[in-house]
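The values are calculated or read from the model by the stated rules, or taken from the named source; none is laboratory data. Please read all numbers here as calculations on a predicted model, not as lab measurements. Cβ placement follows ideal geometry from the backbone for every residue including glycine, while neighbour counts extend to all protein chains displayed. We work out accessible area using only protein heavy atoms, side chains counted, and drop any ligands, DNA or RNA first. Shrake-Rupley method; radii C 1.70, N 1.55, O 1.52, S 1.80 Å.
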Amino acid sequence: MKKINPIAFLPFLVFVAIGAMFVYGMWGKRVDKNISPLIGKPLPTITSFTIDNKEYAIKADGKPKIINFFASWCVPCRAEHKQLLQMSAEQGFDLIGVAYEDKPQNIANYLDELGNPYHIVLIDLHGAAGSTLGLSGVPETYVVGSDGIIKYKHKGEITPADAPKLIGMAK
């Protein structure tokens, strides 16, 4: 009988190891998409210009905030807009819109068409405000408590099921 060389099994073992890593990557422990290193930390001051070209700073001022990053070119932003309009009717927090990497005229047209739910709209033309908060894409929403601490990050479209949770955290 011929003796089998153990090294002959090496390619098979490498294949099994790579397969196991693939399976773990696909179905293993998941990272929560809403986790941010800034949760539990003070809101950094974000200075930009409003849609009517006035300088404005988002900062801790004793009032809770919901800060929504959006863009006129963003399809999920358009889909969540109805929720934002409903949320804006609630009292007790400022709903701040930050137009991410978009032109002021495009944002003005977008808000004229769909309505303006925001207390204030900032233009983040080059993405500096988004970078400050660790934005990964639009839409993305941050809840800031009256103490100026970032409580929550919501990545993606705000659905009817999400809105009450965001409002509740802001109050």
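Recomputing Rg and Dmax of the Cα atoms in Å from the coordinates shown identifies the correct label among (i) 22.3, 87; (ii) 18.8, 76; (iii) 30.5, 119 as (i). With contributions of -39500 (n - 2.57) from each DSSP H run of at least four residues, the per-residue ellipticity at 222 nm computed over the chain stands at -10500 deg cm²/dmol. When a 1.4 Å probe is rolled over the protein heavy atoms, the share of accessible surface on region 8-160 that falls to carbon and sulfur comes to 61 percent. Pairs spanning more than 19 Å between alpha-carbon atoms, out of 54/155; 54/103; 65/151; 59/151; 65/165; 54/82: 54/155; 54/82.
Per residue, how much accessible area does the chain have with a 1.4 Å probe, in Å²?
59
For the listed peptides 133-142, 78-87, a ranking on the average number of other beta carbons within 10 Å per residue, highest first, reads 133-142, 78-87. Ordering 110, 39, 68 by Cα displacement along the dipole of the chain toward the positive end leaves 39 in first place; charges were set at the Cβ atoms of Lys, Arg (+1) and Asp, Glu (-1). These residues, 114, 166, go from largest to smallest accessible area, 1.4 Å probe, as 114, 166. Rounded, prolate or oblate: pick one for region 83-164, where a ≥ b ≥ c are the square roots of the eigenvalues of its C-alpha gyration tensor, a/c under 1.5 means rounded, and failing that, prolate if a/b is larger than b/c, else oblate. Note, shape of region 83-164 comes out oblate. Counting only residues at least eight positions apart within a chain, or on another chain, the aspartates and glutamates with an alpha carbon under 13 Å from that of residue 171 are 90, 94, 147. Other residues whose C-beta falls under 10 angstrom from the C-beta of residue 125 contribute a net charge of -2, scoring Lys and Arg +1 and Asp and Glu -1. If both residues of a DSSP beta bridge must be in the chain, then about 60% of such bridges are antiparallel. Here the alpha carbons of region 43-82 define both size measures, Rg and Dmax, at 12.7, 33 Å.
Arrange the peptides 40-48, 11-19 so that the one whose residues have, on average, the most other Cβ atoms within 10 Å appears first.
In decreasing order of mean packing, 40-48, 11-19 become 40-48, 11-19.
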